[in-house]
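Below is one structure, written out as structure tokens, with a few remarks after it.
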Amino acid sequence: MTDYTLHSPWWLLALLILPLMVWVRGRRGAPVLIVPFAASWHRPSMIPSSRWPSALAVTGIVLLVVALARPQIVEDKREVKQQGYDLMLSIDLSGSMLAEDYELNGERINRLQAIKPVIQAFIKQRRSDRIGLVIFSGRAYTLAPLTFDHDWLERQIERLKIGMIEDGTAIGDGLGVALTRLEQAARDDDGGKRKGAFVVLLTDGASNRGVLTPEQATEIAKSRGLPVYTIGAGRDGLVPMPVFDDKGNKVGYRRTMSDLDETELRRIADVTGGKFFRAFDSDTIDKAFAAIDQAQKIEFQAKSYLLTTELFAWVAIPGAALLFLGAMLAMPPSIAPLRNKSSQAPPLPSRTR
């Protein structure tokens, strides 16, 4: 925050003298200001008729008084320790995420549409953290490495869509790639202090693909001391799955059984020291991410200080220049030739004899 202030505002009381000076000038017909060495030459009849000298002199005096009041620019700076978490979001993009068992404003939306805004809001709240993004379906890929550029990361999340990866649910690979990214970041860190690291894993199905099994990935996370927070998306039982034609247009729905493996997600969270959340609807998704944010969040006490910039010279120099210019213009013309002429002795009268 930037503010403008006066360090010694009492100097402004000197401006009250200016009306008195103007009054004296009007009474005596004398200039407001005249330099001392010109005072002996001053004659009221020789005062310039222009008002410019007085105006310049008064303006110069005002600026000098303001300069004595010490105008300053004060900036409030805050120092915040660069300390936070490294966290990876591992998001399921399998075909089952198209199931429309969520609602927004009375309209059906699919699971991916429900989680996107929640994830983006979660990212906005964690400005001191490095956040990365892994997406998985039949395989797992890093969409965004750990970064502080959260605006860019939010745009990447907006791009997410079903079908980016071959179908399937490789939960073990999705968790394994996230853990690898965290390990690389810890190894390549340039000395910045990090509070810790963790993974948020969101899926709506049971693992059926991948190189790593969920059990193997869980043991890796446990051995590295990295908690994994798991979120199970979608409702239980039969859920509406949209049907599309060859051109990608939705033509109807079919009922499909939800296959979330809640037991496995609970086990991953318990073993690694995280927590499991069940997101039946949009509200429970919000609550899940809010709980994670509260559990793994650092509250900083910012140290503030004031940065002051003095403006004295910017006001005093123009004021002095205007005052000097006004004094020069107010100076009466030299009358030295008249004085030399009058000092000559008159001629003596001639004698007559």
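See the values below:
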| item | result |
| --- | --- |
| For the stretch 84-301, the spread of Cα positions along each principal axis, largest first, Å | 55, 35, 28 |
| Stretchable slack from Asn208 to Gln120, in nm (0.36 nm times residue separation minus alpha-carbon distance) | 28.9 nm |
| Average projection area in nm² (convex hull over Cα atoms of the stretch 207-313, one quarter of hull surface) | 15.3 |
| Residue-wise HN-Hα coupling along the stretch 133-141, computed from phi with Karplus coefficients 6.51, -1.76, 1.60 (Hz; x: Gly, Pro) | 9, 10, 10, 9, 8, x, 9, 10, 9 |
| Theoretical gain in end-to-end length, Ser128 to Glu219 [0.36 nm per residue, Cα-Cα removed] | 29.9 nm |
| The stretch 84-301: relative contact order as a whole-number percent, Cα under 8 Å and 6+ apart | 24 |
| At R0 = 30 Å, FRET efficiency that the Cβ-Cβ distance of Thr256 and Leu104 yields, to 0.05 | 0.90 |
| Integer Hz, Karplus 6.51/-1.76/1.60 couplings in order for the stretch 245-255, x for Gly and Pro | 8, 5, 8, x, 8, 6, 10, x, 9, 9, 8 |
| Electrostatic dipole magnitude of the stretch 84-301 [Cβ: Lys, Arg +1; Asp, Glu -1; Cα centre; debye, to 20] | 320 |
| Pairwise label distance in nanometres, Thr180 with Phe244, each label 7 Å out on the Cα-Cβ vector | 2.8 |
| Computed over the stretch 156-284: relative contact order in percent, which uses C-alpha pairs under 8 Å that are six or more apart | 26 |
| Relative pair counts by distance (%), Cα atoms of the stretch 101-146, 10 Å bins | 22, 40, 31, 7 |
| Modelled FRET efficiency - R0 35 Å, Ala291 with Leu311, Cβ distances, 0.05 increments | 0.10 |
| Residues of the stretch 311-331 with amide N under 19 Å of a point placed 7 Å along Cα→Cβ from Ser8 | 311-321 |
| Gain on full stretching of the segment that runs from Arg267 to Leu20 - 0.36 nm per residue minus C-alpha separation | 80.1 nm |
| Range of Cα positions in the stretch 220-268 per principal axis (Å), largest first | 48, 24, 12 |
| Nitroxide proxy distance, nm - points 7 Å out along Cα→Cβ at Gln156 and Met328 | 6.5 |
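Readers should treat all values here as calculations from the given coordinates under stated rules, not as data from a laboratory. Fair warning: this is a prediction, and the values are worked out from it, not measured in the lab. Virtual Cβ from ideal backbone geometry, glycine too; neighbours counted across all protein chains shown.
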